[in-house]
1. Say whether the condition of being outside any helix (DSSP H, G or I), out of contact with any strand residue (DSSP E or B) (no Cβ under 7 Å at 6 or more places or on another chain) and modelled with pLDDT under 95 is met by at least one residue in the stretch 2-20.
2. Any residue at all in the stretch 125-135 that's surrounded by fewer than 16 Cβ atoms within 10 Å (Cβ to Cβ), part of a helix (DSSP H, G or I) and either modelled with pLDDT under 95 or on the phi > 0 side of the Ramachandran plot (or both)?
3. What are the residue pairs meeting all of these: first residue in the stretch 149-160, first residue farther than 20 Å from residue 106 by Cβ, second residue assigned to a loop (DSSP other than H, G, I, E, B) and at pLDDT below 90, Cβ atoms under 6 Å, and 6 or more apart or on different chains?
4. Take the conditions free of Cβ contacts under 8 Å to residues at least 12 places away in the same chain, within 27 Å of residue 170 (Cβ to Cβ) and either in contact with a helix residue (DSSP H, G or I) (Cβ under 9 Å, 6 or more places away or on another chain) or surrounded by fewer than 17 Cβ atoms within 10 Å (Cβ to Cβ) (or both) and apply them to residue 47. Does it pass?
5. Got a number for residues in the stretch 72-93 being in a helix (DSSP H, G or I), touching a residue at least 12 places away in the same chain (Cβ under 8 Å) and closer than 15 Å to residue 123 by Cβ?
6. In the set 67, 60, which member is assigned to a helix (DSSP H, G or I), loosely packed, with under 13 Cβ neighbours inside 10 Å and modelled with pLDDT under 95?
7. Might you check whether a residue that is closer than 24 Å to residue 41 by Cα and at pLDDT 95 or above occurs anywhere in the stretch 80-88?
8. Check 133, 115, 145 and return the single one that is over 14 Å from the mean Cα position of the chain (by Cα), under 19 Å from residue 24 (Cβ atoms) and free of Cβ contacts under 8 Å to residues at least 60 places away in the same chain.
């Protein structure tokens, strides 16, 4: 890929991230800090006791990330599907239950960065499965399930290109 092509992909990812709500953007950045071990999420993102408790639970939920990367099931075989989808569904259900991700595009954006581009074919099933769980309030379930396009749900193929833009916390300057 040429430099111009890589720059175009990055700009496209920046635009996609900018299209998410402020709440989704904040949660994605926090989740990447937790899941990728980039920052101390407690110090950076914990504004109150409720958020600190949520971050603690998120660290526990994301404990499966290394295992998910290691399983990496074959798209044509069913051998590792149960182990992989079970772990992925549990992690996805945690994220959706936090009520900060409200669309499939934001979910996909986050999980491509947490696990890698190879996970794309598995994300519609994980998103729909987690969205449909009884732990998700029916009104929220409806909102989430309506956010996945028919094209995303029925895609005949997926790119395995790795994401290039990983949003981070930006310190506000004193005025």
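1. First, pick out the residues of the stretch 2-20 that are outside any helix (DSSP H, G or I): 2, 20.
Those left that are additionally out of contact with any strand residue (DSSP E or B) (no Cβ under 7 Å at 6 or more places or on another chain): 2, 20.
Cutting the leftovers down to modelled with pLDDT under 95 gives us 2.
There is at least one residue in the stretch 2-20 that is outside any helix (DSSP H, G or I), out of contact with any strand residue (DSSP E or B) (no Cβ under 7 Å at 6 or more places or on another chain) and modelled with pLDDT under 95.
2. No: the stretch 125-135 contains no residue that is surrounded by fewer than 16 Cβ atoms within 10 Å (Cβ to Cβ), part of a helix (DSSP H, G or I) and either modelled with pLDDT under 95 or on the phi > 0 side of the Ramachandran plot (or both).
3. none
4. Working: free of Cβ contacts under 8 Å to residues at least 12 places away in the same chain: yes; within 27 Å of residue 170 (Cβ to Cβ): yes; either in contact with a helix residue (DSSP H, G or I) (Cβ under 9 Å, 6 or more places away or on another chain) or surrounded by fewer than 17 Cβ atoms within 10 Å (Cβ to Cβ) (or both): yes.
Here the answer is yes, as residue 47 does meet what is asked.
5. Narrowing the stretch 72-93 to residues in a helix (DSSP H, G or I): 81-93.
If we keep only those that are touching a residue at least 12 places away in the same chain (Cβ under 8 Å) as well, we get 83-85, 87-93.
This time we only want the ones that are closer than 15 Å to residue 123 by Cβ, so: 84-85, 87-93.
Adding up the residues that qualify gives 9.
6. Details: 60 fails: modelled with pLDDT under 95.
Sole residue among the options that is assigned to a helix (DSSP H, G or I), loosely packed, with under 13 Cβ neighbours inside 10 Å and modelled with pLDDT under 95: 67.
7. Of the stretch 80-88, the ones closer than 24 Å to residue 41 by Cα are 87-88.
From what is left, the residues that are at pLDDT 95 or above are 87-88.
Checked the stretch 80-88: at least one residue is closer than 24 Å to residue 41 by Cα and at pLDDT 95 or above.
8. Details: 133 fails: under 19 Å from residue 24 (Cβ atoms); 115 fails: over 14 Å from the mean Cα position of the chain (by Cα).
Selected residue: 145, the only one of 133, 115, 145 that is over 14 Å from the mean Cα position of the chain (by Cα), under 19 Å from residue 24 (Cβ atoms) and free of Cβ contacts under 8 Å to residues at least 60 places away in the same chain.
The values are calculated or read from the model by the stated rules, or taken from the named source; none is laboratory data. Computed from a predicted structure; not experimentally measured. Don't worry about glycine lacking a Cβ; one is built from the backbone with ideal geometry, like all the others, and counts go over all protein chains shown.
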